[in-house]
1. Tell me the accessible surface of Asp102 in square angstrom (1.4 angstrom probe, heavy atoms of protein chains only), to the nearest ten.
2. Mind listing the Cα extents of the stretch 1-133 along all three principal axes, in Å, largest one first?
3. Roll a 1.4 Å probe over the protein chains and send me the accessible area per residue for the chain in Å².
4. Give the distance, in whole Å, between the Cα centre of the stretch 1-31 and the Cα centre of the stretch 141-202.
5. Run through every distinct alpha carbon pair of the stretch 145-213 and return the Kirkwood hydrodynamic radius in angstroms, one decimal place.
6. State the antiparallel share, in %, of DSSP beta bridges confined to the chain, rounding to the nearest 5.
7. With a Cα-only, solvent-free Debye model of the stretch 158-255, what are the log10 I(q)/I(0) values at q = 0.16, 0.17, 0.18 Å⁻¹?
8. With +1 assigned to the C-beta of every Lys and Arg and -1 to the C-beta of every Asp and Glu, and no other charges, what is the dipole magnitude of the chain about the Cα centre in debye, to the nearest 20?
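The values are calculated or read from the model by the stated rules, or taken from the named source; none is laboratory data. Here the structure is a predicted model, which is why all the values come from computation and not from measurement. Note that each Cβ is placed from the backbone with ideal geometry, even for glycine, and that neighbours are counted across all protein chains shown. Ligands, DNA and RNA are excluded from the accessible area calculation, which covers all protein heavy atoms including side chains. Shrake-Rupley method; radii C 1.70, N 1.55, O 1.52, S 1.80 Å.
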Amino acid sequence: MAIITLTTDLGSKDFYQAALKGSILSILPTATIVDVTHEVPSFNISHAAFVLKNVYPYFPKGTVHLIGIDSVFSQHTKYIALKYKDHFFVGADNGIFSLLFDEKPEEIVELNIMQDLKYLHFPLVDIFVKAATQLAKGAKLQDIGVATDNIEERMLLNPVIERDIIRGSVIYIDTFSNVITNITKELFTKIQQNRDFTLYFRKNETINQLSWHYNEVPEGEKLCLFGISNHLEIAINKGKASGLLGLHLNDIVRVEFHS
């Protein structure tokens, strides 16, 4: 079964998303198309990388992940396909892959598929679709591009670590208004060393206990936990943490550990 996932900033009110799917099905009618999301904020590659990083491991090996973020034609941006942990990815080399992967991909090629001038302003439905469908049909990376070792590098804002303190920031707010930080469970555990902690954030709010699940506290109460992304989240049971606690993207949070 050929599976192609879609992660784009196309939204859902225009014809772009349907045009993309129609282009795939015109070449590969048997494809199983899975929408990861089309609601990535325009050109926001860090948002897209966070979403896809937490999604792709759930798909079967051999799945092709088509990424349509900031993919309009540019003389300075190349289009690439790559293999990482037996998954295939197709997208613009705009830095998203350096945010998406923790290790170097197994193979990378710069696509050499002929551009149809009719779709020069919309390569997503042309070059990207041709590459994704070829891979889904079993083509090798070298069949659709030229090997390369270089991809555009972008840097995420990492937590600042002091002796007994982790200073992090908000990197994602989900549909339920749960606030996700850049503090991973691995980092938290490493610095904590079984000590008590206090989490400080906006308006002098504090939390000093980790929860295992969202309804561990009474409805309307705040909590923190490590969710499915393994990043520290601030939430309110059956409430909207971001709005009620005044937390927004890039806001600072601080964890202090004490005996």
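1. Rounded to the nearest 10, the figure is 120 Å².
2. That gives 37, 35, 29 Å along the principal axes, largest extent first.
3. Details: 13870 Å² over 259 residues.
That works out to 54 Å² per residue.
4. Centre-to-centre (Cα) distance: 30 Å.
5. On the way: mean 1/r = 0.0673 Å⁻¹.
Averaging 1/r across every pair of different Cα atoms and inverting gives 14.9 Å.
6. Working: 40 of 55 bridges.
Bridges in the chain that DSSP calls antiparallel: roughly 75 percent.
7. After summing over all Cα pairs, the log10 values are -0.59, -0.67, -0.76.
8. Values: 24 positive and 30 negative charges, 44 e Å.
It comes to approximately 220 debye.
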